[in-house]
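Worksheet: the structure to be examined is printed underneath.
The values are calculated or read from the model by the stated rules, or taken from the named source; none is laboratory data. The structure presented is a predicted model; accordingly, all values stated were derived computationally and were not measured. Neighbour counts run over all protein chains shown; Cβ positions are idealised from the backbone, glycine included.
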Amino acid sequence: MNHDSPPLELDDAFVQDPYPVYAKLGAEGSTHRVRMPPGVPLCGGLPVWLITGYEAVRSALADPRLSTDLNRIEGLFAQKEPDRTKRGGFSSTLSKHMMLTDPPDHTRLRKLVSKAFTSRAVDELRPEIQRIADELVDALPDRDAVDLLDVFAFPLPIRVICLLLGVPIEEQANFKAWSKALVSGDSPEAAAAAALAVAEYLGELIERKRRSTCDDMLTALISAHDVDDRLTGDELVSTAYMLLIAGFETTLNALGNGTLHLMRNLDQWEALREDRTLLPGAIEEILRLESPLKHATFRCATETLGIGGVEIPAGDFVLLAIASANRDPHRFGDPHALDVRRPAAGHLAFGHGVHHCLGSRLARVEAHIAFGALLDAFPDMRLAVDTGELRWRNSTIIRGLDSLPVRLNRR
């Protein structure tokens with residue numbers, strides 16, 4: 001690739017359907033110079049290296065020369081776009097968590113929260129997750145059409161992660177609006193206001209937890225800060241924020257994206273209705289086909305390196321296209337089709353390497369219980385709009401719908 005050639009200009013059509021672009025680029029190689037669509041969070045309008053294809057993305061996800069450290073990335077942003085209002089980005093108050101750090105800080109922070117996501121810890125949550133799912137299904141209105149994201153796919157994971165952190169249920173309603181403002185590119189002002197609101201809320205919640213004797217993850221993190229100084233104050237707030245936002249975004253989008261594809265492929269929905277043993281594999285296939293994160297966490301090259309025979313200069317930005325990797329025809333046959341019987345193991349929906357998603361087991365359990373509850377309660381559920389009317393969220397990282405109107409057709 002000629003470094004002097006202009007980058008491929010991406011637009012809203014790419015946000016709505018990136019797969020034709022991935023396919024075109026993939027036929028040319030694995031490393032491509034592109035300019036992200038104006039207005040997408042973090043890197044809108046900036047040239048980046050986009051890595052496509054399964055082998056290249058998987059290798060790059062584990063490459064320590066590609067840094068996720070926000071301090072390094074923010075410094076490079078400032079050089080490339082001095083106007084901070086155009087760059088967007090993260091609140092520094094909320095950015096000292098493991099997703100935006102490199103080892104050794106990443107290793108230390110990950111170890112502090114890993115106990116909450118062990119197989120045993122997640123399995124102990126199953127009865128409570130089932131109770132929440134059943135409660136939400138029972139409370140769904142009798143009217144025919146609902147937005148499934150609003151009434152089910154959002155409240156389920158937010159209630160689960162808030163349960164883990166010890167957030168009172170009556171205080172959970174704000175997180176949807178805050179999350180939407182933070183991950184969409186609709187308004188930098190709204191994103192800044194949401195970041196401030198989240199930071200203020202978490203700071204106040206932490207002070208309340210210090211005066212209580214609760215047994216939850218946030219109280220344990222407070223102890224790590226207050227007792228043995230393993231967390232700084234900013235890291236404490238940032239880690240709580242990461243768990244709240246990342247803790248429900250993946251499941252929210254897995255449920256929304258998966259339901260959409262099942263409604264578009266009713267033979268697959270019927271197969272799950274008839275044989276629930278297919279459900280664990282179906283969840284892996286859903287994660288592969290429409291990954292909740294289309295790109296991995298933003299990275300920059302700490303030194304000049306080669307990917308796919310192309311030299312990426314030190315200091316350049318890199319996006320790893322998980323969604324492209326998971327539809328690579330060299331790795332998955334007929335990759336654009338939903339097949340709940342497909343052996344989809346090995347997909348990269350939860351990343352790879354040191355940044356592999358810590359909550360992947362919890363997300364899988366939530367998805368299993370959630371789809372089971374929907375299949376039980378609404379076996380005749382159908383889309384309430386034409387798929388052409390659906391819009392995907394304007395995000396650099398997230399692959400999720402703005403809404404998902406369905407007809408429940410409760411029997």
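Under 30 Å from residue 56 (Cβ atoms) and assigned to a helix (DSSP H, G or I): does that describe residue 235?
Working: under 30 Å from residue 56 (Cβ atoms): no; assigned to a helix (DSSP H, G or I): yes.
So residue 235 fails the test.
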Item to check | Complete set of residues in the range 4-33 that are without any contact (Cβ under 8 Å) to a residue 40 or more places away in the chain and assigned to a strand (DSSP E or B) | outcome: 8, 9, 32, 33
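I'd like to verify a number: residues in the range 325-352 that are assigned to a loop (DSSP other than H, G, I, E, B), aliphatic (A, V, I, L, M) and at pLDDT 95 or above, how many?
Step one: filter the range 325-352 for residues assigned to a loop (DSSP other than H, G, I, E, B), giving 326-352.
From the residues that got through so far, the ones that are aliphatic (A, V, I, L, M) too are 337-338, 340, 344-345, 348-349.
Narrowing further to those that are at pLDDT 95 or above: 337-338, 340, 348-349.
Within the range 325-352, residues that are assigned to a loop (DSSP other than H, G, I, E, B), aliphatic (A, V, I, L, M) and at pLDDT 95 or above number 5.
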Item to check | residue 298 being at pLDDT 95 or above and in contact with a helix residue (DSSP H, G or I) (Cβ under 9 Å, 6 or more places away or on another chain) | outcome: no
Item to check | residue 270 vs. criteria more than 24 Å from the chain's Cα centre (by Cα) and farther than 19 Å from residue 361 by Cβ | outcome: yes
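Tell me which residues, restricted to the range 310-359, are of a type in the set (Phe, Trp, Tyr) and over 15 Å from the mean Cα position of the chain (by Cα). Show your work before the answer.
Applying the first criterion (of a type in the set (Phe, Trp, Tyr)) to the range 310-359 yields 317, 332, 350.
Of everything in the range 310-359, those that are of a type in the set (Phe, Trp, Tyr) and over 15 Å from the mean Cα position of the chain (by Cα) turn out to be 317, 332.
For the range 309-323, which residues satisfy the criterion of being in contact with a His (Cβ under 9 Å, 6 or more places away or on another chain) and crowded, with 19+ Cβ neighbours inside 10 Å? Quick ask: steps written out before the conclusion?
Filtering the range 309-323 for residues in contact with a His (Cβ under 9 Å, 6 or more places away or on another chain) gives 310-311, 313, 319-323.
Within the range 309-323, 319, 320, 321, 322, 323 qualify.
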Checklist outcome for this item: If we ask which residues in the range 39-56 are at pLDDT 95 or above and within 19 Å of residue 315 (Cα to Cα), their number turns out to be 3
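Might you let me know whether the range 267-283 holds any residue that is under 26 Å from residue 334 (Cα atoms), part of a helix (DSSP H, G or I), touching a strand residue (DSSP E or B) at 6+ places or on another chain (Cβ under 7 Å) and among the small types (Gly, Ala, Ser)?
The answer is no, given that none of the residues of the range 267-283 is under 26 Å from residue 334 (Cα atoms), part of a helix (DSSP H, G or I), touching a strand residue (DSSP E or B) at 6+ places or on another chain (Cβ under 7 Å) and among the small types (Gly, Ala, Ser).
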Checklist outcome for this item: Residue pairs within 6 Å by beta carbon, gap of at least six or interchain, first lying in the range 204-233 and at pLDDT 75 or above, second assigned to a loop (DSSP other than H, G, I, E, B), listed first then second, are 214/166; 216/166; 218/166; 224/230; 224/231
